[in-house]
Amino acid sequence: MADRRPDDMVRITTKELADAFIEEQIKELREQIGDKKVLLALSGGVDSSVVAAMLIKAVGDQLTCVHVNHGLLRKGEPEQVIEVFRNQMKANLVYVDATDRFLDKLADVTDPETKRKIIGGEFIDVFAEEARKLDNIEFLAQGTIWPDILESEKGIKAHHNAGGLPEDMKFELVEPVKILFKDEVRVVGEALGLPSNMVYRQPFPGPGLGVRCPGAITRDRLEAVRESDAILREEFAKNGLEGKVWQYFTVVPDFKSTGIKNGERSFDWCVIIRAVNTTDAMTAEVENIPFELMQHLVSRITSEVKGVNRVLYDFTPKPSATIEYE
Ligand code: XMP
């Protein structure tokens, strides 16, 4: 396939354009891969999901997907990956629950960059271990997209996931969406029949909920982040804010405050709600959440999430704050 996006390439905005792109890619993928085997790290994010769906169409069970659950995913995500890819699309899916391994390594680690390095490094180790168990893999598929290539050329971002694999693991890369912009990947994903909540998912950082559990991650505080995030997403969907607000999530900082629960003094965490709009994530404005919805969120979170007695709303735009907390 073309290594670079042709200057005159028409933006893929319709099902017809997406179908034509898919058909052409499938032909090229079959030519490139032949009867060899392909490996893919499937996070469940838009890009890797679209690559998986495309490869399943092109080469079926010559593809093996590895889904590493690092324990920092949102509620329901690993289950959805298994349901969509293993049960519905009949993919070869290796599911690795590495939660304990990641959380044990992260115990007592407070520095944000060290946390990121541990998560990234451990991910490569787990993925490489799984890859070694498989025979005759010659290709590694990646969900590289066009902005990743532009950013890595400008030196902003190192995008090559394969870059971290051990020296002796050499694969030829398969990157079927590398000339597409993000909005085009979504249109292609819909045309491939992926569920719309997967295709139109809000951005989610690689280190996952780990950056929303500031300081040293503990299992109980992480659970409070996951449960409060699930409530926020459910209420945004019910109230027509899903797809309208660019990114929204919860953070549970590492401090406690006093409160009253069931008539008794409590000393518990607070949940911070963050909801922002942006076009390029370089700057961001805070969403004006209706007051009544806010009250409902406070009531649900304080009654349903264990260890929480207080809810705060972060009104800070970027700058001065970043979108995430770490
Ligand atoms: P910040 O916090 O820098 O975030 O304002 C801007 C956007 O980038 C996402 N983000 C990340 N994505 N790995 C990622 O893949 C990361 O380490 C990371 N940190 C932030 C963030 O969610 C927001 O959309």
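Observations on the structure shown:
- Hits in segment 289-326 - residues which are of a type in the set (A, V, I, L, M) and more than 16 Å from the ligand (Cβ to nearest atom): ILE289, LEU293, MET294, LEU297, VAL298, ILE301, VAL305, VAL308, VAL311, LEU312
- Some residue of segment 211-226 being within 16 Å of the ligand (Cβ to nearest atom) and more than 23 Å from the chain's Cα centre (by Cα): no
Residue by residue, here is whether (1) surrounded by 13 or more Cβ atoms within 10 Å (Cβ to Cβ); (2) within 30 Å of MET1 (Cα to Cα) holds:
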residue: THR99; (1), (2): yes, no
residue: LYS105; (1), (2): yes, no
residue: GLY121; (1), (2): no, no
residue: THR144; (1), (2): yes, yes
residue: PRO147; (1), (2): yes, yes
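- PHE249 falls short on exactly one of the conditions (1) within 15 Å of the ligand (Cβ to nearest atom); (2) among the hydrophobic types (A, V, I, L, M, F, W, C); (3) over 23 Å from LEU72 (Cα atoms), and that condition is (3).
- When LEU73 is tested against (1) surrounded by fewer than 19 Cβ atoms within 10 Å (Cβ to Cβ); (2) part of a loop (DSSP other than H, G, I, E, B), just one condition goes unmet, and that condition is (1).
- Once segment 184-198 is narrowed to residues that are on the phi < 0 side of the Ramachandran plot and not hydrophobic (A, V, I, L, M, F, W, C), the residue that is surrounded by the fewest Cβ atoms within 10 Å (Cβ to Cβ) is SER196.
- Residues that are in a helix (DSSP H, G or I), out of contact with any strand residue (DSSP E or B) (no Cβ under 9 Å at 6 or more places or on another chain) and touching a residue at least 12 places away in the same chain (Cβ under 8 Å), drawn from segment 76-90: GLN80, VAL84
- ARG201 vs. criteria surrounded by fewer than 21 Cβ atoms within 10 Å (Cβ to Cβ), within 16 Å of the ligand (Cβ to nearest atom), part of a helix (DSSP H, G or I) and not small (Gly, Ala, Ser): no
- Selection status of ALA41, more than 22 Å from LEU165 (Cβ to Cβ), of a type in the set (Gly, Ala, Ser), in contact (Cβ under 8 Å) with a residue 12 or more places away in the chain and surrounded by 17 or more Cβ atoms within 10 Å (Cβ to Cβ): no
- One residue stands out among those in segment 212-237 that are in a helix (DSSP H, G or I) and β-branched (Val, Ile, Thr): the one that is surrounded by the most Cβ atoms within 10 Å (Cβ to Cβ), which is VAL225.
- Any chance GLY208 is at pLDDT 95 or above, within 14 Å of the ligand (Cβ to nearest atom) and of a type outside the set (Val, Ile, Thr): yes
- Pick from segment 170-198, criterion of a type in the set (Lys, Arg) and either within 16 Å of the ligand (Cβ to nearest atom) or assigned to a helix (DSSP H, G or I) (or both), ranking: nearest to ASP3 (Cα to Cα): LYS182
- Cross-chain or 6+ apart pairs with Cβ under 7 Å, segment 15-32 first and surrounded by 17 or more Cβ atoms within 10 Å (Cβ to Cβ), then part of a helix (DSSP H, G or I) and among the β-branched types (Val, Ile, Thr): ALA18/VAL187; ALA18/VAL188; PHE21/VAL188; ILE22/VAL188; LEU29/VAL59
The values are calculated or read from the model by the stated rules, or taken from the named source; none is laboratory data. These figures come from a predicted structure and were not determined experimentally. Positions of Cβ are backbone-derived with ideal geometry, glycine not excepted, and every protein chain shown enters the neighbour counts.
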